[in-house]
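The values are calculated or read from the model by the stated rules, or taken from the named source; none is laboratory data. Model, not experiment: these values are computed from the prediction. Here Cβ is always computed from backbone atoms with ideal geometry, including for glycine, and neighbour counts include all displayed protein chains.
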């Protein structure tokens, strides 16, 4: 199985939709309503948002989304990995690890200070995965969410 990794551009909305559908399945987001293609194309055109996908035979089998953050602590930006998901049939084949490596190389090539990701402590599958990706450090934190209606 040959896997290709690529960074999506605004013309790759179809691939982005495929990735969102993978996230919907993997994260069990039963009531997810995918926004219109125009919105997704706009996101892909923004310089502070990045989508990386893994494909085989022209089909997306996984990927990750990244928010690129400017900092007041440093002149260098930070990459916040928001979602990582691989189709269940392709999990445990090194694809997620390759995506993280691809992203960290992108960050290195583009002068980033760091990249980070959060995982829920009770999501042992995610925690174990990130521990295998050669992270520089690990900390435990409590996440607070404010729903805005």
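Residues of segment 23-48 that are touching a strand residue (DSSP E or B) at 6+ places or on another chain (Cβ under 6 Å), outside any loop (DSSP other than H, G, I, E, B) and under 27 Å from residue 77 (Cβ atoms): 23, 43. Does residue 149 count as over 17 Å from the mean Cα position of the chain (by Cα), more than 24 Å from residue 19 (Cα to Cα) and either at pLDDT 95 or above or surrounded by 18 or more Cβ atoms within 10 Å (Cβ to Cβ) (or both)? It is false that residue 149 is over 17 Å from the mean Cα position of the chain (by Cα), more than 24 Å from residue 19 (Cα to Cα) and either at pLDDT 95 or above or surrounded by 18 or more Cβ atoms within 10 Å (Cβ to Cβ) (or both). With respect to the conditions (1) surrounded by fewer than 19 Cβ atoms within 10 Å (Cβ to Cβ); (2) assigned to a strand (DSSP E or B); (3) at pLDDT below 95, residue 81 lacks only one, and its number is (1). Quick check on segment 93-121: of everything there that is free of Cβ contacts under 8 Å to residues at least 60 places away in the same chain, surrounded by 17 or more Cβ atoms within 10 Å (Cβ to Cβ) and out of contact with any helix residue (DSSP H, G or I) (no Cβ under 7 Å at 6 or more places or on another chain), which residue is farthest from residue 27 (Cα to Cα)? Residue satisfying both the conditions and the ranking: 112. Among the residues of segment 92-125, the ones that are over 23 Å from residue 48 (Cα atoms) and either within 13 Å of the chain's Cα centre (by Cα) or not in a helix (DSSP H, G or I) (or both) come to 8 in all.
Per-residue answers, yes or no, for (1) on the phi < 0 side of the Ramachandran plot; (2) surrounded by 16 or more Cβ atoms within 10 Å (Cβ to Cβ); (3) more than 15 Å from the chain's Cα centre (by Cα):
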site	(1), (2), (3)
6	yes, no, no
31	yes, no, yes
39	yes, no, yes
45	yes, no, yes
53	yes, yes, no
60	yes, yes, no
